[in-house]
Amino acid sequence: MAKRRPMALLLGLALLAGCATLGEGGASRLDLIRQRGSLRCGVSGKIPGFSFLQTDGSYSGLDVDLCKAFAAAFVPGTGAVDYRPLTAPERFTALRTGEIDLLSRNTTMNLSRDAAGGNGLSFAPVVFHDGQGLMVTSGSGINRLEDLQGKSICVGSGTTTEQNLNDAFEARGIAYTPIKYQDLNQVVAGYLQGRCQAMTSDRSQLAAARSGFADQGNHRILEEVLSKEPLAPASVGGDQRLADAMRWVVYALITAEELGITQANVQERYTEAQRRPELTRLRRFFGLDAGLGEKLGLRDDFVVQVIQATGNYGEIYARNLGPDSQVPISRGLNRLGSDGGVMVAPPFQ
């Protein structure tokens, strides 16, 4: 049996692995992922529709499918993913210490997290445009923010949610009492136990939480939206190669939907592009011309690997948040730009 390494040594190795992403000679954590043969992906594991641990031990959700897409591109052939469930306070430390390779955990992109003087993260493109809301019981008589004057509100500690709540209520001169918890499950439990008159989180998370209530009809999400919450995967700042690779995997998912390329027809479309040299846009996208994958440090056919693993962005959305899913959420801003939404991708050129 292999000897267990002391915790201090393990932490030291993790820190060295994190430093390796920024080493000389263009070293990147992308190289470490390949050498390991699997992707360590930080998720929540507690949010239906985004990342949720099933009873059989498997994970499902939009964030989970993003992990699968990254793994298909970074470790083609196996697409192996090691999911690491993390609370909101744990997630950035896990990135900095090298416990995870990247974060796909309903994380809001903002200036302080992106800037070198803040958390110093590198964000991939937004994968879900959200906004913060409040949920109350249907018989509470609470219909707008002002009705929460003097009331208590359950909120996640150490999140942008906590700051947004304070900003919105302070701006309107509404006094309230925050009841703080470490993760969403605790926030929900506090709300259901009556420790607060309302709970706040991203509207998507409120819908996900309500989907598990026995009396869903007795809970309402207020119409008012407190903030913009653009949710995006993230990696440690300064690792340009990994950040670029993540960025173009997300763009590949969006472009595939624009082109009507699905998990079911990707191989057929790829074969068609191989036969027809005049299909220049499709050939570049599939990596048959221009060597675009190589420029990212990936296989030229990384797009094919990704779509075979997860389908396009629309398929991912429909599977996890569509009308037939456990957590149906209208696509809204998350529609393609050609369909009135804001999901667009730069050209593969």
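Using a 7 Å offset from Cα along Cα-Cβ at Lys228, what residues in segment 305-331 end up with backbone N under 20 Å from the label point?
Residues 331 qualify, since their backbone N sits under 20 Å from the label point.
Taking all pairs of distinct Cα atoms, average 1/r, flip it, and tell me the Kirkwood hydrodynamic radius of segment 310-349 in Å to one decimal place.
Taking every pair of different Cα atoms in segment 310-349, averaging 1/r and inverting gives 10.9 Å.
When only C-alpha pairs under 8 Å and at least 6 residues apart count, what is the relative contact order of segment 211-349, in percent?
So the answer I get is 24 percent.
Quick one: grab the alpha carbon gyration tensor of segment 151-191, order the square roots of its eigenvalues as a ≥ b ≥ c, and give me rounded if a/c is under 1.5, else prolate or oblate depending on whether a/b is larger than b/c.
Verdict is oblate for segment 151-191.
Per the Kirkwood definition applied to all pairs of different Cα atoms, how many angstroms is the hydrodynamic radius of segment 281-347?
Evaluated on segment 281-347, it is 13.6 Å.
Using Cα atoms only, what is the angle between the long axis of helix 88-97 and the major principal axis of the chain, expressed in degrees (0 to 90) to the nearest 10?
30 degrees
If you average the sequence gap of Cα pairs under 8 Å that are 6 or more apart and divide by the length of segment 135-283, what percent do you get for the contact order?
After rounding, I find 25 percent.
Percent relative contact order of the chain, based on C-alpha pairs within less than 8 angstrom and at least six residues apart?
20 percent
Multiply the residue separation of Ile174 and Gln274 by 0.36 nm, subtract the distance between their alpha-carbon atoms, and state the gained length in nm to one decimal.
Extra length from Ile174 to Gln274 when fully extended: 29.7 nm.
At 0.36 nm per residue, minus the direct Cα-Cα distance, what do Arg144 and Asp324 gain on full extension? Give it in nm, one decimal, please.
61.8 nm
At a 1.4 Å probe radius, which order do Leu62, Leu32, Leu184 fall into by accessible area, largest first?
Final ranking, largest accessible area leading: Leu32, Leu184, Leu62.
Taking a point 7 angstrom from the Cα of Asp301 along the C-beta vector, which residues in segment 69-93 have backbone N less than 17 Å away?
72-79
Give the percent of DSSP beta bridges with both residues in the chain that are antiparallel, rounded to the nearest 5.
For the chain, the DSSP antiparallel bridge percentage is about 55.
Just check segment 233-323 against the gyration tensor rule for me: Cα atoms, a ≥ b ≥ c as the square roots of the eigenvalues, rounded for a/c under 1.5, and otherwise prolate or oblate depending on whether a/b exceeds b/c.
Taking the square roots of the gyration eigenvalues as a ≥ b ≥ c, segment 233-323 is oblate.
For segment 68-214, what mean projected area does the convex hull of the alpha carbons give, in nm²?
Orientation-averaged projected area of the Cα hull: 10.6 nm².
Once the piece of chain linking Gln35 and Asn166 is laid out straight, how much longer is it, given 0.36 nm per residue of separation minus the C-alpha distance between them?
Result for the pair: 42.7 nm of gain on full extension.
Quick check on the chain: helices-only [θ] at 222 nm, where DSSP H runs of length 4 and up contribute -39,500 (n - 2.57) each and the sum goes over total residues. Nearest 500, please.
The helix contribution divided over the chain gives -11500 deg cm²/dmol.
The values are calculated or read from the model by the stated rules, or taken from the named source; none is laboratory data. Keep in mind it's a predicted model, so treat the numbers as computed, not measured. A quick note on method: Cβ atoms are made from the backbone with ideal geometry, for glycine too, and the neighbour counts reach across all protein chains shown. SASA here: full protein model, heavy atoms, side chains in, ligands and nucleic acids out. Shrake-Rupley method; radii C 1.70, N 1.55, O 1.52, S 1.80 Å.
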